[in-house]
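The values are calculated or read from the model by the stated rules, or taken from the named source; none is laboratory data. Remember, predicted model here, so these are calculated numbers, not experimental data. Ideal geometry is used to build each Cβ from the backbone, glycine not excepted, and the neighbour counts take in all protein chains shown. All accessible areas refer to the heavy atoms of the entire protein, side chains included, with ligands and DNA or RNA removed. Shrake-Rupley method; radii C 1.70, N 1.55, O 1.52, S 1.80 Å.
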Amino acid sequence: QVQVVESGGGFVQAGGSLRLSCTASGSIRSISLMAWYRQAPGKQRELVASITRGRITNYADSVKGRFTISRDTGKVDLQMNSLKSEDTAVYYCNAVDYYTGVGYWGQGTQVTVSS
């Protein structure tokens, strides 16, 4: 079992920056993929960025060049620069267990970007 908790959300003006952090606990050595998703009001949850154990990263086209994902054992961060109003959403951390394939979600953290 893995538990994940996000932190670092908040309110920022367009063009500003925020850094999100996600800390996992429990069976952290079994975690393979870690990722950040987001869900805006009235929209489906979407992948923002992911990172494998081997530090291979993947980004949504909408955030490429602005967001950077990084990880350490049991922790994944998302550095968000040049924020836009369309980045406003609840951001969720996801950690996938290598052995079971089960993905564990955090409770989410709100990011609000004013234009």
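Residues in segment 100-115 carry Karplus couplings, in order, of 9, x, 6, x, 10, 10, x, 7, x, 9, 7, 10, 10, 10, 8, 8 Hz; the curve used is 6.51 cos²θ - 1.76 cosθ + 1.60 with θ = phi - 60°, and Gly or Pro positions show x.
Length gain on complete extension for the stretch ILE56 to ILE28, per 0.36 nm per residue less the alpha carbon to alpha carbon distance?
Values: separation 28, 0.36 × 28 = 10.08 nm, distance 1.83 nm.
Contour length minus the Cα-Cα distance gives 8.3 nm.
Using a simple charge model, +1 on the beta-carbon of Lys and Arg, -1 on the beta-carbon of Asp and Glu, nothing else, what dipole does the chain show about its Cα centre, in debye to the nearest 20? Before the final figure, lay out each step's value.
Values: 12 positive and 8 negative charges, 35 e Å.
Taking the Cα centre of the chain as origin, the dipole is about 160 debye.
Database remark: amide H of ILE31 closer than 5 angstrom to the amide H of TYR98 (H placed geometrically; neighbours at sequence offset of 5 or more, or on other chains; Pro and chain starts carry no H).
Database remark: amide H of GLY106 closer than 5 angstrom to the amide H of CYS93 (H placed geometrically; neighbours at sequence offset of 5 or more, or on other chains; Pro and chain starts carry no H).
Relative contact order for segment 19-108 using alpha-carbon pairs under 8 Å, separation at least 6, rounded to a whole percent?
Numbers: 164 pairs, mean separation 31.6, N = 90.
Result for segment 19-108 is 35 percent.
Between GLN3 and SER82, what is 0.36 nm times their sequence separation minus the Cα-Cα distance? Round to one decimal in nm.
Values: separation 79, 0.36 × 79 = 28.44 nm, distance 3.02 nm.
So the extension gain works out to 25.4 nm.
Solvent-accessible surface of the chain, averaged per residue with a 1.4 angstrom probe and all protein chains in place: 52 square angstrom. Residue by residue, segment 56-71 carries 3J(HN,Hα) couplings of 7, 10, 9, 10, 5, 4, 5, 10, 4, x, 10, 10, 9, 9, 9, 8 Hz when phi is fed to the Karplus relation 6.51 cos²θ - 1.76 cosθ + 1.60 (θ = phi - 60°); x denotes Gly or Pro. Taking 7 Å steps out from each Cα toward its Cβ at THR100 and SER114 produces label points 4.3 nm apart. Within the same chain, aspartates and glutamates fewer than 8 places from LYS64 are excluded, and of the rest, those with a Cα less than 13 Å from its Cα are ASP87. Classify the chain as rounded, prolate or oblate, taking a ≥ b ≥ c as the square roots of the eigenvalues of its Cα gyration tensor: rounded when a/c is under 1.5, otherwise prolate if a/b is larger than b/c and oblate if not. Prolate is the answer for the chain, as a/c is 1.5 or above and a/b outweighs b/c.
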